[in-house]
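Here the structure is laid out as structure tokens; the discussion comes afterwards.
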Amino acid sequence: MPSCVLAYSGGLDTSVILGWLMEEGYDVHAVYVDLGQPCEDRAATKKKALDCGAKSSRIVDVQEELCRDFAFPVLQWQAKYEGWYLLGTSIARPLISKVCLEVAREVGADAYAHGATGKGNDQCRFQLAAEALNPAVKIIAPWRIEKFRKAFPGRTEMIAYCEKHNIPVKASVSKPYSSDENCLHISYEAGKLEDLNVNGVETVEFGMSITPQKAPDKVEQVKITFDKGVPTSVNGKTLSPLQVVKTLNEIGGRNGIGQIDMVENRFVGMKSRGVYEAPGMTILYTGHRVIEQLTMDRDLMHLRDSLAPQVAEMVYYGFWYHAKMDALLAFIKDAQKHVTGEVTLNLYKGNIQVAGRSSPNNLYDEGIATMEGGGSYNQTDAEGFLRIQGLPGRVQGRTTPRTY
């Protein structure tokens, strides 16, 4: 009998897919990849898969790896998809594929199945990552199989299937939106959010944060230490990557930090609307940038900034395991070697302000930058600098005069 590994969440879709795969003749090994999803009973999810007939069921905790090896390198790139999205879901998908393929190799499974739809980005991320790691892998994406879609044209049929087979699910036929969560962020989309005139931040029930309007009417200060571009402590306490993120999620969450509502361009070509919250990562992006302002060479920073949209695009599309990404990750590791220091931020009702910053590699020289008299910068030197910089313009101006 053929076997497959299923990226299993225990929700409506993967519960139905588990049963359908078994009906199609597969032994199914359910893998719950623990990314720090809050409000989920992991032990119950594992047991549920076995109760539903899975050949095996396991939980694989990769929260530290997600933060250390995936989220923090993207943070070092200051990568945001289309200027806003911090890529919380996108970052996690290649790691899920890696874990599932590791399990498939261990149990001798023939295929890798997932519950991503044929309309979204996740199908791309799962498959591109899996095929890069194992070019011979067989991907089973039921939502792209007409037979599956005919059997389950909507949520009503899926819920009825679960009721018929005594599969416990929390889903109901009417749901205002769908969500995806991990320790980095929570995303909300579909349902009522497909109407652009619906206020997204008033519609969703945020799981990590409160709205800025409900945040305390006082400033909360937070101090973050970075070592070579990696956050290592919060408020003087040394923490693991996961602990850094979780601590800042709590601090940022209670101050309404990191909520966005955007319309984005999916890899498959359509536009979609999403509401996101990422309190901890939003704080880290700001703090990291502040330390870079002290420690990073101008031309190096500008080169990094010019490449950051490409990194964001590759992560969003699903090209994590790619030669270009390998080179870019090697580049950023070297580019961040002096980004060490401490930043103090003031948080207030969704806003972040800089209260102080310091670094042993500080390139800011007050004696050079001062607007007061004296100092080590000779302003007369600027005369020759500007004459040389302006030379091409003067020559062009004489040859092809501009009207003014």
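Each reported figure results from applying straightforward, stated rules to the coordinates on display, with no laboratory input. Values in this document were obtained by computation on a predicted structure and should not be read as measured data. For neighbour counting, all protein chains shown are included, and Cβ atoms are generated from backbone atoms with ideal geometry for every residue, glycine included.
When the chain is fully extended, how far beyond the present Cα-Cα distance does LYS237 get from LYS218, taking 0.36 nm per residue of separation? Each step should come with its number before you reach the end.
Values: separation 19, 0.36 × 19 = 6.84 nm, distance 2.32 nm.
Taking LYS237 through LYS218 to full extension adds about 4.5 nm, to one decimal.
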note = Gyration tensor on Cα atoms of segment 296-390, a ≥ b ≥ c root eigenvalues, a/c under 1.5 rounded, else prolate if a/b beats b/c, else oblate, says oblate
key: Most fluctuating residue given options ASP326, ASP13, ASP122, as computed from a GNM of the chain linking Cα atoms under 10 Å   = ASP326
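Cβ neighbours within 10 Å, averaged per peptide: list 75-86, 178-189, 356-367 in order, most packed at the top.
Details: 75-86: 19.5, 178-189: 21.8, 356-367: 13.0.
Answer by packing, highest mean first, reads 178-189, 75-86, 356-367.
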key: Nitroxide proxy distance, nm - points 7 Å out along Cα→Cβ at ASN362 and LEU196   = 4.7
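Of all the C-alpha pairs in segment 1-61, what % are more than 18 Å from each other?
Roughly 25 percent, rounded to a whole number.
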request  = Before anything else, pin down the relative contact order of the chain: Cα pairs under 8 Å, at least 6 apart, normalised by residue count, whole percent.
outcome  = 17
task = Under a 10 Å cutoff between Cα atoms, tell me which one of ILE368, ILE96, ILE352 has the largest fluctuation in the Gaussian network model of the chain.
result = ILE368
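So how many Lys-Lys pairs in segment 151-280 land under 18 Å Cα to Cα, not counting same-chain pairs under 8 apart? It would help to have the intermediate numbers written out before the result.
Details: LYS175/LYS192; LYS192/LYS271; LYS223/LYS237; LYS223/LYS246; LYS228/LYS237; LYS237/LYS246.
Step by step, the pairs that qualify in segment 151-280 add up to 6.
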query = Taking N as the number of residues in segment 50-97, what value does Rg over Cα atoms divided by 2.2 N^0.38 Å take?
reply = 1.55
ask   = By the scheme Lys and Arg +1, Asp and Glu -1, what is the net charge of all other residues having a beta-carbon under 11 Å from that of VAL62?
value = -4
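If a/c stays under 1.5 just call it rounded; otherwise compare a/b with b/c (prolate if a/b is bigger, oblate if not). Do that for segment 190-343, with a ≥ b ≥ c from the square roots of the Cα gyration tensor eigenvalues.
Oblate is the answer for segment 190-343, as a/c is 1.5 or above yet b/c matches or exceeds a/b.
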Label-point gap, in nm, between ASP297 and LYS228 - each point 7 angstrom along Cα→Cβ = 1.8
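Could you calculate the FRET efficiency of GLU40 with ALA369 from 1/(1 + (r/R0)^6), where r is the beta carbon distance between them and R0 is 56 Å, rounded to 0.05? If you can, show how the numbers build up before the last one.
On the way: r = 51 Å, r/R0 = 0.92.
Result of the calculation: an efficiency of 0.65.
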request  = Mind running the shape call on segment 121-253? Use the C-alpha gyration tensor, a ≥ b ≥ c as the square roots of the eigenvalues: rounded below 1.5 for a/c, prolate if a/b tops b/c, oblate otherwise.
outcome  = oblate
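Restricting to the chain, what percent of DSSP beta bridges are antiparallel, rounded to 5?
On the way: 36 of 53 bridges.
Restricted to the chain, the bridges split so that about 70 percent are antiparallel.
Rounded to the nearest whole Å³, what is the per residue volume of the convex hull around the Cα atoms of segment 188-251?
Details: hull volume 8.3 nm³, N = 64.
Dividing the Cα hull volume of segment 188-251 by its residues yields 130 Å³.
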remark   = With Cα springs under 10 Å, the Gaussian network model of the chain assigns the largest mean-square fluctuation among ASP297, ASP195, ASP305 to ASP195
query = For segment 329-345, in order, what is each residue's ³J(HN,Hα) by Karplus, 6.51 cos²θ - 1.76 cosθ + 1.60 with θ = phi - 60°, in whole Hz (x at glycine and Pro)?
reply = 5, 5, 4, 5, 4, 6, 5, 9, 5, 9, 7, 10, x, 10, 10, 10, 10
remark   = Taking Lys and Arg as +1 and Asp and Glu as -1, residues besides PRO392 with C-beta under 15 Å from its C-beta add up to +4
inquiry  = At 7 Å along Cα-to-Cβ for each site, give me the label-to-label distance between LYS150 and ARG402 in nm.
reply    = 6.7
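Please state the charge dipole magnitude for the chain, taken about the Cα centre, from unit charges on C-beta atoms (+1 on K and R, -1 on D and E), reported in debye and rounded to the nearest 20. Let's see the in-between values first.
Numbers: 45 positive and 48 negative charges, 107 e Å.
Once rounded to the nearest 20, the dipole reads 520 debye.
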